[in-house]
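Q: Before I ask anything, let me first share the structure, which is written out below as structure tokens.
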Amino acid sequence: MKHFFLAQSILFTLLAACSSDKNYVKPLASQMATENVVLVVIDGPRLSETWGDSLRVNIPHQNKLSSQGVLFNNFMNDGVTFTLSGHSAITTGYYDLVINNGSELPDQVSIFQRYLEAHRLPPTEAWIITSKKKLAALSDCKDLDWRGSYRPSINTVDREDEITMQVAIDTISTYKPSLTMIHFRGPDSRGHSNDWNGYIKAIQETDFYVKQIWDYIQGDAHYRDKTTLLVTADHGRHSSGIGSSFVGHGDSCDGCRQISLLAIGPDLEKGVVVQKPYGQIDIAPTIASMLNIDWAGEGNTIEELIK
Ligand SMILES: [Zn+2]
Ligand SMILES: [Zn+2]
């Protein structure tokens, strides 16, 4: 009996140690209509030119789409506000400092690898399609239990978003993946060029691409009413009066940290605006729940997106 109690107390200690820094997410997808997730990451738009503008003049399509879904108004990058680190927070559920030139893999395993492993799927079931070549680093991780295994398919090229958009639709319609990330670089590239008009135009173009992607989803028999679309950003840009303002980003000013999340899908309420704070690391556990994968990480499931 004594040994039993000893064993039990060791077990409790171990469980407490394991659960202290990780939130275990119980898969709930069996209750959900969502079978596919499309994640769009727009690189570097500032909230003041997007959802922070009450008229949403630069994002009319997403503004209209928000009446069909859930908008998170208090959504943050609480980690490093550069491209690789921002993306890695979104795809791994951890804030991590990842060298921004693509030469370093994220520390933690991504939702892509976990998804392919969990359901023993071929690489073409998960895709990373981007306008920046360096984002290929998101397809693998440093964790030796996972490195080189269950890597998603990638199409990552330095190119204009218009091309990425075509490649994304071609890829989705050819392979019908259940998990797809699409990245557009326009606002970030034009911002760094100190081209205000180009920056605004890129926000408007990517806004239109979001509409086209949702129209494709709802027009395709494979995806219609079974697919959740998530639209977010890797980081914002410096607030007006901070550093180089819209030209740069990378610190912890409000402009760099404040981003947004728009979600549309068959399980979601329509026209809801959520003020509760969430952040990038909450996206991967939420997708895990939608796609029926066990998950343990730093982030929390976004309860407004899970039935
Ligand atoms: Zn940048
Ligand atoms: Zn800043």
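Q: Identify all residues within segment 161-197 that are out of contact with any strand residue (DSSP E or B) (no Cβ under 9 Å at 6 or more places or on another chain), within 16 Å of ligand 1 (Cβ to nearest atom) and farther than 23 Å from E104 by Cβ; write none if there are none.
A: Passing the criteria: R190, G191, S193, N194, D195, W196.
Q: Given (1) of a type outside the set (A, V, I, L, M, F, W, C); (2) within 16 Å of ligand 2 (Cβ to nearest atom); (3) assigned to a helix (DSSP H, G or I), identify the lone condition not met by H249.
A: So H249 meets the others, but not (3).
Q: Please state which one of L71, L65 is under 23 Å from T228 (Cα atoms), outside any helix (DSSP H, G or I) and either among the aliphatic types (A, V, I, L, M) or out of contact with any Leu (no Cβ under 6 Å at 6 or more places or on another chain) (or both).
A: L71
Q: For segment 105-192, give me every one of the helices (runs of 4 or more DSSP H) that falls completely inside it and has 2 or more residues that are under 24 Å from Q204 (Cβ atoms), of a type in the set (A, V, I, L, M, F, W, C) and modelled with pLDDT of 95 or more.
A: Fully inside segment 105-192 and qualifying: 161-175.
Q: Right, here's the next one. Here is a list of conditions, (1) within 16 Å of ligand 2 (Cβ to nearest atom); (2) within 19 Å of the chain's Cα centre (by Cα); (3) in a loop (DSSP other than H, G, I, E, B), and C256 meets all of them except one; can you say which number that is?
A: It is condition (3) that C256 fails.
Q: Mind counting the residues in segment 217-236 that are away from ligand 1 (no atom under 16 Å from the Cβ) and either of a type in the set (K, R) or touching a residue at least 12 places away in the same chain (Cβ under 8 Å) (or both)?
A: Of the residues in that region, 12 qualify.
Q: Counting just the residues of segment 266-286 that are touching a Gly at 6+ places or on another chain (Cβ under 7 Å) and either among the β-branched types (V, I, T) or part of a loop (DSSP other than H, G, I, E, B) (or both), which one comes out surrounded by the most Cβ atoms within 10 Å (Cβ to Cβ)?
A: I281
Q: Turning to a different aspect of this structure: Only one of these conditions is not met by V157: (1) surrounded by fewer than 17 Cβ atoms within 10 Å (Cβ to Cβ); (2) free of Cβ contacts under 8 Å to residues at least 40 places away in the same chain; (3) on the phi > 0 side of the Ramachandran plot; (4) touching a helix residue (DSSP H, G or I) at 6+ places or on another chain (Cβ under 9 Å). Which number is it?
A: Evaluating V157 over (1) surrounded by fewer than 17 Cβ atoms within 10 Å (Cβ to Cβ); (2) free of Cβ contacts under 8 Å to residues at least 40 places away in the same chain; (3) on the phi > 0 side of the Ramachandran plot; (4) touching a helix residue (DSSP H, G or I) at 6+ places or on another chain (Cβ under 9 Å) leaves (3) as the failure.
The values are calculated or read from the model by the stated rules, or taken from the named source; none is laboratory data. Everything quoted here is computed from the prediction, not taken from an experiment. For neighbour counting, all protein chains shown are included, and Cβ atoms are generated from backbone atoms with ideal geometry for every residue, glycine included.
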